[in-house]
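A short worksheet on the structure shown next.
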Amino acid sequence: MKKIRLCLILLTGLFTATLANAADAHINHGKAVPPSHSHELKEGTVQQSWTTGGADNPEYKIAVYGDTRTGLEVNKAFVAKFLEIHPELVVNTGDLVINGNAPEQWAEFEKIIRPLKKAKIPYYSALGNHEHDAGRFYKIFGLKEYVGWYAIDCWTSRFIFLDTNKEYNKGSEQYKWFVNELEKTAADKERKFLFVVFHHPPYSSGNHGNTYSVISSLCPLFSQYKVDIVFSGHDHAYERSVADGVTYIVTGGGGAPLYSKNDKNYNEYSVVFKRAHNYCILTVGDSKLKLEAFGIDGEMLDKFER
């Protein structure tokens, strides 16, 4: 008999006291199989559920890419690839469009990712600088009150999204929320892997270079709480860096004009840099993690396991 995998997302708004500064999202699995797609509004909570066919597998895949912007054909090609792979989740590191104040750009973006929604593949994103904090972003992802930091659970993985366009230094509202989320994750025995996603990379050899405020304010937390991978975009290339035991991935090649390596922006922690449109596939197992980065033609740009 064919087994059914159940995914459940709960998007909880600011009505809950414990989530006073962010909307939360959770993807969990359960035993009961609800209708293939349902919506329920109850006490400020929007619930979306769906099922994916196939035998239970201890491994699952998650796709990560970013900076789609005006590269519509590249984004379409990557969405087509995601439909083939059928990951449990698609994550974008931000800059979905080039001008968040242009409604027609959001319409085009939503049209491109619509097949993923039809395939019941959830899609979430960090806020980039080009969204210009537009209300359309928050509406697409079900976030309340213009708060761009939130968390998603996908099976044994937790993704924490931060908004590096807003204040995140120690003592800020976002920083305190982030520390609380890290503490919750550390105490959650079901979460074996922890990923953090935001737009501006702490370490980068591209045009923008390192984001030193992220390095000073957030990187010590990544090391302290043993974050597995930090994903960013902003520089339109692929790069992997390793600093203080944490792996940093820049995946900003989702369609925006590509950047070359900038020798003036020295990144001492860089391991791999590729000027290429790219996406990453995470394969998560019971106790192992694999990341593969691919180019537009399917060529492998990078691979590592831990």
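If I filter segment 162-217 down to residues being among the basic types (K, R) and out of contact with any Lys or Arg (no Cβ under 8 Å at 6 or more places or on another chain), which single residue comes out as farthest from L282 (Cα to Cα)? That would be K170. Would you point out which residue out of F231, F159 is within 20 Å of A276 (Cβ to Cβ) and assigned to a strand (DSSP E or B)? One residue alone meets the criteria, F231.
In segment 191-214, is there at least one residue being part of a helix (DSSP H, G or I) and among the aliphatic types (A, V, I, L, M)? Yes - at least one qualifying residue is present in segment 191-214.
For segment 112-122, filtering for residues that are in contact (Cβ under 8 Å) with a residue 12 or more places away in the chain, surrounded by fewer than 17 Cβ atoms within 10 Å (Cβ to Cβ) and of a type outside the set (A, V, I, L, M) leaves 2. Every listed requirement among (1) loosely packed, with under 15 Cβ neighbours inside 10 Å; (2) part of a loop (DSSP other than H, G, I, E, B); (3) modelled with pLDDT of 95 or more is met by V33 save one, (3).
Say whether the condition of being assigned to a loop (DSSP other than H, G, I, E, B), free of Cβ contacts under 8 Å to residues at least 40 places away in the same chain, touching a Lys or Arg at 6+ places or on another chain (Cβ under 8 Å) and surrounded by fewer than 18 Cβ atoms within 10 Å (Cβ to Cβ) is met by at least one residue in segment 242-254.
Restricting attention to segment 242-254, the residues satisfying the condition of being assigned to a loop (DSSP other than H, G, I, E, B) are 244-245, 252-254.
Applying the additional criterion that residues be free of Cβ contacts under 8 Å to residues at least 40 places away in the same chain yields 244-245.
When the remaining residues are screened for being touching a Lys or Arg at 6+ places or on another chain (Cβ under 8 Å), the result is 245.
Those still in the list that are surrounded by fewer than 18 Cβ atoms within 10 Å (Cβ to Cβ) too: 245.
So far as segment 242-254 goes, yes, one or more of its residues are assigned to a loop (DSSP other than H, G, I, E, B), free of Cβ contacts under 8 Å to residues at least 40 places away in the same chain, touching a Lys or Arg at 6+ places or on another chain (Cβ under 8 Å) and surrounded by fewer than 18 Cβ atoms within 10 Å (Cβ to Cβ).
D263 meets each of the listed conditions (1) at pLDDT 95 or above; (2) more than 15 Å from the chain's Cα centre (by Cα); (3) assigned to a loop (DSSP other than H, G, I, E, B) apart from (1).
Counting only residues that are surrounded by fewer than 17 Cβ atoms within 10 Å (Cβ to Cβ), touching a strand residue (DSSP E or B) at 6+ places or on another chain (Cβ under 6 Å) and within 18 Å of V196 (Cα to Cα), how many does segment 258-303 have? Total meeting the criteria: 3. Of all residues in segment 48-62, at least one satisfies being closer than 24 Å to I296 by Cα, touching a Ser or Thr at 6+ places or on another chain (Cβ under 6 Å) and either β-branched (V, I, T) or at pLDDT 95 or above (or both). G171 meets all of the listed conditions (1) touching a helix residue (DSSP H, G or I) at 6+ places or on another chain (Cβ under 9 Å); (2) part of a loop (DSSP other than H, G, I, E, B) but one, namely (1). Within segment 275-293, being among the hydroxyl-bearing types (S, T, Y) and farther than 10 Å from T251 by Cβ holds for T283, S287. Scanning segment 69-97 for residues that are under 19 Å from L127 (Cα atoms) and not β-branched (V, I, T) yields R69, G71, L72, N75, L89, N92, G94, D95, L96.
For segment 118-136, a residue qualifies if it is polar (S, T, N, Q) and either in a strand (DSSP E or B) or at pLDDT below 95 (or both), and exactly one does: S125.
What is the one condition in (1) free of Cβ contacts under 8 Å to residues at least 24 places away in the same chain; (2) part of a loop (DSSP other than H, G, I, E, B) that P220 does not satisfy? Unmet condition: (2).
Within this structure, F82 fails the test of being surrounded by 21 or more Cβ atoms within 10 Å (Cβ to Cβ), under 18 Å from the mean Cα position of the chain (by Cα) and either more than 19 Å from F294 (Cα to Cα) or among the acidic types (D, E) (or both).
Count of segment 85-111 residues, restricted to those that are buried (at least 21 other Cβ atoms within 10 Å of the Cβ) and aliphatic (A, V, I, L, M), is 5.
The values are calculated or read from the model by the stated rules, or taken from the named source; none is laboratory data. Fair warning: this is a prediction, and the values are worked out from it, not measured in the lab. No Cβ is skipped: glycine too gets one built from the backbone with ideal geometry, and neighbour counts run over all protein chains shown.
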